[in-house]
Amino acid sequence: MIPELGQFALILALLLSVVQCVLPLIGAHSGNRALMAVARPAVAGQTVFVVAAFAILTYAFTSQDFSVAYVAQNSNSLLPWFYRFSAVWGAHEGSLLLWILILAVWSVAVAAFSRHLPADFMARVLGVLGFISCGFLLFTLLTSNPFARILPVPADGIDLNPMLQDPGLIMHPPMLYMGYVGFSVAFAFAIAALLGGRLDVRWVRWSRPWTNIAWAFLTLGIALGSWWAYYTLGWGGWWFWDPVENASFMPWLVGTALIHSQAVTEKRGSFRAWTLLLAIFAFSLSLLGTFLVRSGVLTSVHAFATDPERGVFILVFLAIVVGGSLLIYALRAPRVAGGEPFAPVSRETALLVNNLMFACAAATVLLGTLYPIIGDAFSLGRISVGPPYFAFMFIMLMIPVVLLLPFGPFLKWRQGNPVAAMKSLLPALVTAVVATLLAWLLVGDLPVKALAGTAASLWVGLGILLFALSRWRKAAPGRRFTPEMLGMICAHLGVAVFVAGVMIVESTSIERDVRMVPNQGVEIGSLTFQFEGVHEARGPNFTAEQGTITVTEGGRTIATLHPQKRQYMRNAQVQTEAALKPGVFRDLYVALGEPVGDDGAWAVRIYVKPFVRWIWIGALLMMLGGFVAAADKRFGVVARLRDTSPSARDGSANSPALPDPESPLPNPGT
Amino acid sequence: MTPTRKRRLIIISLVLAAVAVAAGLTVLALQQNMTYLYSPSEVEAGEAPTGARFRLGGVVLEHSIKRADDSLQVDFIVTDRFHQMPVKYTGILPDLFREGQSIVASGSVEDGRFVATEVLAKHDETYMPKEVADAIAKAKDTHAAEPGGSH
C-alpha cells in the first residue's frame, strides 16, 4: 500500500509541476498577477509531494520491502543500514527521483529568496523550473517507476552493486546533482530574461550566487567522484576521461566560463547575450550528461542503465529544451545584447580569454565524447577516442588560462595597464623561474612535466597572493577584502594547488605490477614493500581474501596495508579493495590482482603517487571559493538567509527599486 | 573606428583565432587517438590495420587462459565463436576477467598474436558491451553468408 502512495505522490507532483509551468508563464505574458502568484504555492505543493515520494522510497529500503522491484534489485537483507539509505540512489530509478527532489529543493529556495524581484520575472523563472520538473517527473512515471512491484515477492534482494557499497558513493551523486540541477536556476533566469526581453543588472546580480553555489557543488561532486574512483576502482587513477566523467565535466567547464562572464555582465554590463547563452549551454550539457549516463549509447565504465526507450525520451526532452531555448535566444538575444566598450588590454579581455578557452575546452571534450556515436551513426566503424586526445587538448587549452590567470585581478576594468600589471607580478615570475631552476639543478632527474607544473603552480599561486598583498596595502582596513574577492583568491589558489598535483602525479608516479610470493619484498626508491601473504577476512555482507603488505623505509616500518579481494554474498562479482597510506606529499597505494601459481604467489599492484592529494585539495579550495563568493553582501544571500521576510532587504545591496519598473505592464514586444 | 566597432573587431578576431587553433589541434589529436574495434573474424579477414593499434572485442575462450610461472604474463584466446585470436598480456587483469566473459583489449598484432596493453571487462557480469555484441552479430552474419558456414 505504502509504495502506491509514493507513486500517487509523484503523479500529484507532476500535475502541480504542470500548473507551476503553465499558469505563471501565461500570467507573465498577459500581465495577470493572480496567475503569476500561482507559481510559489505550486512550487511548495510540488515539493511536499516529491519529498513524500522520496521518503516513501527510503522507507521501502530501510524496511526491506522486497515487493518493490527497485528495492529487490538494489538491496538485500544483509546490507548495512547506512548503505540502505544511499542505495535509494544506487541505480537508475532512484537517482532520477533524487534529481527531482534536488530540483524541488532548488525551486523552493528560489521561490523563498526572490521576493524582492519583479513578479513577472519570478513567474517566468519558476515557470521554466516547473517545465523542467514536469519533464523529469513524466520521464520517471512513464519509463522508470521506482515503486513498481514485483510478483512473486522475492525472499531476499539481489544486492546493491558492490562497487557502490562505499562511503564515497553516499555523497558523490547528491553533490553532483546539486551542481547539475543548480544550473537549472541560471538557465531559468536566462530564459526568463529572454522571454521578458530585458536584462536588468539587478537580475544578473541575483542569479550570480545561485550559479556560484551550483558550480561549487558540482566541483565538490566531481572531486568526490574522482577520489572515489581513485580508491575504489583499484587502478589508482584519478581521472579516466570516461564518457560519464566527461558528462559531468562539460557542465563544469561551461559553468566556470559562466561564473566569470556573469561577473562581467553584472559589473560592466558587457557580455550580456554571451552570459545568457552560456547559462543555456551549462544546463543543456547537464541534461546531455543525464542522457549519456542513462541511455547506454556509449560504452562506459559506469553506464549502469541501458534502455533505448529511456534514451529516446531524454533525447526528445533534450531536443525540446535545447532547441526551444536556442530558438528563444535567437529571437530575443538582439534585444538584450549590448554593453560597455573596453580596451584590448583590460580585465574584460582577460575574462573573455578565460571564457573562450573554457568554452573551447567544453567543445573539444564534447566532440571526443560524442565522436563514437557520430562514427556509429555514419558507419565509420566502431571508434573510440583515447584519453591522450582529451589530455592533449585540455592541456593545450589550459596553458593560456594558467599563464594569464594572475594578470586578471591586476588589470582594471575597461582599460588595463599591462606594464604595471607585469611589474606587480615580477616577484611571482622570478620566484617561479628560480625555484624551478633550483629544483632542476638540485634534484636533477625530474621530468619536464613536473618542472613545468611546479613553475605554473608557483606563478599562479604567488600571483594571486601578490594581488591579495597589494589589496591589503592599498585599501583601508575593514574594506580590504569583500567575500567575493576572497572567494576569487581562494578558488585561484585552488587552481595553483590543483595544477601542481596533476602535473607532478602524472609525471612522477611509480606504478609497478609485480608477482609476489609470501615474504618477498619489492624495492621502489627508498621504500621496501614486503608481501606477508594472504588470509581470509570477513565483513558484514562479504568474505575477503586479505593481503598484508608492510612498507619500510630505512629499516623503519611506515605502513602496514591490507588490500582485499571481496566476494559479496549475493553477488558473484569479485571486488578489489585497494589499501592506501595517504600523505600530503605522497600516497602509498597497494591493490591485489589475483592468485598466480601454486606457491601462494599473487599479482600485486604497487603504486607510489606523489602529490596526488593536491588534486582534491585544489578542487576543495575552488569549491570553497565558490561558496565564499556567493556569500558576498552585495548578493544579499546572507542577509536574506538571516531573515527571509520580504521586509528584510539589504538596502545597500539590493536597492529595493520600488515601484516595480515593469510588472504592472503587459509584456513589451509580444 | 567607433569604440563599439573596435570592440567587436577584437572579439571577432579573438574568436576566429581560437576557433582556428582549436580546430587544427582537434583534428590532429583526434586522428592520432582514434582506435577502431575489430572482432577476431575481421582481424582474420585482414581488415584490422597491421602494425597500428586497435581494439579487439570478443569473448574469452573457455580453458584458454594460461599464466606464466615467473611473471605476470597471461596468454588467452579471444573468440567471436567463429574465429579465434591469441592474446598476450602482461599485468593485472580486471576483476571481471574470466572465461566466457566479453572483453575489449587494446594493443596491436605482433607475429600473429595480439599483444594487449590494456584489457577491459565491464562492470556487470551479464553485460556485453554493445560494440562487442555488434561485432559478434556481424561475424555471425558473415559466417552465415559463407557457403557451408552453418554453425
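When you look at A:LEU101, is it within 23 Å of the chain's Cα centre (by Cα) and more than 21 Å from A:ARG332 (Cα to Cα), yes or no?
Working: within 23 Å of the chain's Cα centre (by Cα): yes; more than 21 Å from A:ARG332 (Cα to Cα): yes.
Spelling it out, A:LEU101 is indeed within 23 Å of the chain's Cα centre (by Cα) and more than 21 Å from A:ARG332 (Cα to Cα).
Which one is farthest from the other protein chains (Cβ to nearest Cβ), of the residues in region B:4-46 that are of a type in the set (S, T, N, Q) and in contact (Cβ under 8 Å) with a residue 40 or more places away in the chain? I'd like the intermediate steps shown before the answer.
Applying the first criterion (of a type in the set (S, T, N, Q)) to region B:4-46 yields B:4, B:13, B:26, B:31-33, B:35, B:39, B:41.
Of the ones still in play, those that are also in contact (Cβ under 8 Å) with a residue 40 or more places away in the chain are B:35, B:39, B:41.
Working: B:THR35: 6, B:SER39: 10, B:SER41: 14 Å.
Selected residue: B:SER41.
For region A:132-171, enumerate the residues that are touching a strand residue (DSSP E or B) at 6+ places or on another chain (Cβ under 8 Å) and modelled with pLDDT of 90 or more.
Hits for region A:132-171 are A:PRO146, A:PHE147, A:ALA148, A:ARG149.
Only residues that are within 12 Å of another protein chain (Cβ to nearest Cβ) and among the aliphatic types (A, V, I, L, M): list them for region A:308-350, please.
Across region A:308-350, the qualifying residues are A:ALA337, A:ALA343, A:VAL345, A:ALA350.
What pairs come up if the first residue lies in region A:216-245 and is within 21 Å of A:ILE510 (Cα to Cα), the second is of a type in the set (Gly, Ala, Ser) and part of a helix (DSSP H, G or I), and their beta carbons are under 6 Å apart, counting only those six or more places apart or on different chains?
These pairs meet every condition: A:TRP228/A:GLY168; A:TRP238/A:SER226; A:TRP239/A:SER226.
Restricting attention to region A:1-20, and to residues there that are of a type in the set (A, V, I, L, M, F, W, C), touching a residue at least 40 places away in the same chain (Cβ under 8 Å) and within 18 Å of A:TRP99 (Cα to Cα), which single residue is surrounded by the most Cβ atoms within 10 Å (Cβ to Cβ)?
Only one residue tops the list, namely A:ALA13.
I'd like to know if region B:60-68 contains one or more residues that are in the same structural domain as B:ALA105 (by TED's automatic domain parsing), aliphatic (A, V, I, L, M) and over 30 Å from A:ASP599 (Cβ atoms).
no
Would region A:373-388 turn up any residue that is of a type outside the set (S, T, N, Q), in a helix (DSSP H, G or I), within 29 Å of the chain's Cα centre (by Cα) and surrounded by 19 or more Cβ atoms within 10 Å (Cβ to Cβ)?
If we filter region A:373-388 for residues that are of a type outside the set (S, T, N, Q), which is where we start, we get A:373-378, A:380-383, A:385-388.
If we keep only those that are in a helix (DSSP H, G or I) as well, we get A:373-377, A:387-388.
Within this subset, residues satisfying the condition of being within 29 Å of the chain's Cα centre (by Cα) are A:373-376, A:387-388.
Next, only the ones that are surrounded by 19 or more Cβ atoms within 10 Å (Cβ to Cβ) stay: none.
Among the residues of region A:373-388, not one is of a type outside the set (S, T, N, Q), in a helix (DSSP H, G or I), within 29 Å of the chain's Cα centre (by Cα) and surrounded by 19 or more Cβ atoms within 10 Å (Cβ to Cβ), which makes the answer no.
Looking only at region A:214-250, count how many residues are surrounded by 22 or more Cβ atoms within 10 Å (Cβ to Cβ), of a type in the set (A, V, I, L, M) and more than 11 Å from the chain's Cα centre (by Cα).
The number of residues fulfilling the criteria is 1.
So, in region A:578-608, how many residues would count as being in a loop (DSSP other than H, G, I, E, B), out of contact with any helix residue (DSSP H, G or I) (no Cβ under 8 Å at 6 or more places or on another chain) and closer than 19 Å to A:ILE558 by Cα? Before the answer, list the steps.
Applying the first criterion (in a loop (DSSP other than H, G, I, E, B)) to region A:578-608 yields A:578, A:582-585, A:596-601.
Then keep just the ones that are out of contact with any helix residue (DSSP H, G or I) (no Cβ under 8 Å at 6 or more places or on another chain); that gives A:585, A:596-601.
With closer than 19 Å to A:ILE558 by Cα added as a condition, the list becomes A:585.
The number of residues fulfilling the criteria is 1.
So which of A:LEU103, A:LEU79 ends up being in contact with a Phe, Trp or Tyr (Cβ under 9 Å, 6 or more places away or on another chain), touching a residue at least 60 places away in the same chain (Cβ under 8 Å), within 24 Å of A:ALA214 (Cα to Cα) and among the aliphatic types (A, V, I, L, M)? Walk me through how you get there before you give the answer.
Numbers: A:LEU79 fails: within 24 Å of A:ALA214 (Cα to Cα).
Just a single option satisfies the conditions, and that option is A:LEU103.
Where in region B:47-94 are there strands (runs of 3 or more DSSP E), lying fully within it, with 3 or more residues that are within 11 Å of chain A (Cβ to nearest Cβ) and closer than 29 Å to A:PRO388 by Cβ?
B:54-60
Okay, residues lined up against (1) modelled with pLDDT under 95; (2) in contact with a Leu (Cβ under 9 Å, 6 or more places away or on another chain); (3) surrounded by fewer than 22 Cβ atoms within 10 Å (Cβ to Cβ):
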{"position": "A:ALA39", "(1), (2), (3)": "yes, yes, no"}
{"position": "A:THR58", "(1), (2), (3)": "no, no, yes"}
{"position": "A:SER63", "(1), (2), (3)": "yes, no, yes"}
{"position": "A:SER67", "(1), (2), (3)": "yes, yes, yes"}
{"position": "A:PHE85", "(1), (2), (3)": "yes, no, yes"}
{"position": "A:ALA91", "(1), (2), (3)": "yes, yes, yes"}
{"position": "A:ALA112", "(1), (2), (3)": "yes, no, yes"}
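Determine if region A:497-504 includes at least one residue that is aliphatic (A, V, I, L, M) and more than 30 Å from A:PHE627 (Cα to Cα).
No, region A:497-504 contains no residue that is aliphatic (A, V, I, L, M) and more than 30 Å from A:PHE627 (Cα to Cα).
Tell me, please, whether a residue that is assigned to a strand (DSSP E or B) and at pLDDT 85 or above can be found in region A:609-625.
yes
Being crowded, with 17+ Cβ neighbours inside 10 Å and of a type in the set (A, V, I, L, M, F, W, C) is the requirement here; does A:ALA44 meet it?
no
Of everything in region B:103-120 that's of a type in the set (S, T, N, Q) and under 19 Å from A:LEU233 (Cβ atoms), which residue is nearest to the other protein chains (Cβ to nearest Cβ)?
Across region B:103-120, the extreme among qualifying residues is B:SER106.
Among the listed residues A:GLY408, A:GLY487, A:GLY416, A:GLY461, identify the single one that is closer than 29 Å to B:ALA20 by Cβ and modelled with pLDDT of 90 or more.
Unique residue meeting the criteria: A:GLY408.
Identify the residue in region A:461-483 that is touching a residue at least 24 places away in the same chain (Cβ under 8 Å) and under 17 Å from A:MET422 (Cβ atoms) and, among all such residues, is surrounded by the fewest Cβ atoms within 10 Å (Cβ to Cβ). Walk me through it before giving the result.
Going through region A:461-483, the residues touching a residue at least 24 places away in the same chain (Cβ under 8 Å) turn out to be A:461-467, A:470, A:482-483.
Then keep just the ones that are under 17 Å from A:MET422 (Cβ atoms); that gives A:462-467, A:470.
Working: A:LEU462: 21, A:GLY463: 25, A:ILE464: 24, A:LEU465: 17, A:LEU466: 19, A:PHE467: 23, A:SER470: 13.
Looking at residues that are touching a residue at least 24 places away in the same chain (Cβ under 8 Å) and under 17 Å from A:MET422 (Cβ atoms), I get A:SER470.
I want to confirm something. Restricting to region B:26-67 and keeping residues that are within 30 Å of A:MET357 (Cβ to Cβ), among the β-branched types (Val, Ile, Thr) and more than 12 Å from the chain's Cα centre (by Cα), which single residue is surrounded by the fewest Cβ atoms within 10 Å (Cβ to Cβ)?
B:VAL27
Going through A:ALA361, A:ALA319, A:ALA333 one at a time, which residue ends up being more than 30 Å from A:LEU404 (Cβ to Cβ) and assigned to a helix (DSSP H, G or I)? Give the derivation first.
On the way: A:ALA361 fails: more than 30 Å from A:LEU404 (Cβ to Cβ); A:ALA333 fails: more than 30 Å from A:LEU404 (Cβ to Cβ).
Unique residue meeting the criteria: A:ALA319.
The values are calculated or read from the model by the stated rules, or taken from the named source; none is laboratory data. Quick caveat, the model's predicted, so the values are computed rather than measured. Don't worry about glycine lacking a Cβ; one is built from the backbone with ideal geometry, like all the others, and counts go over all protein chains shown.
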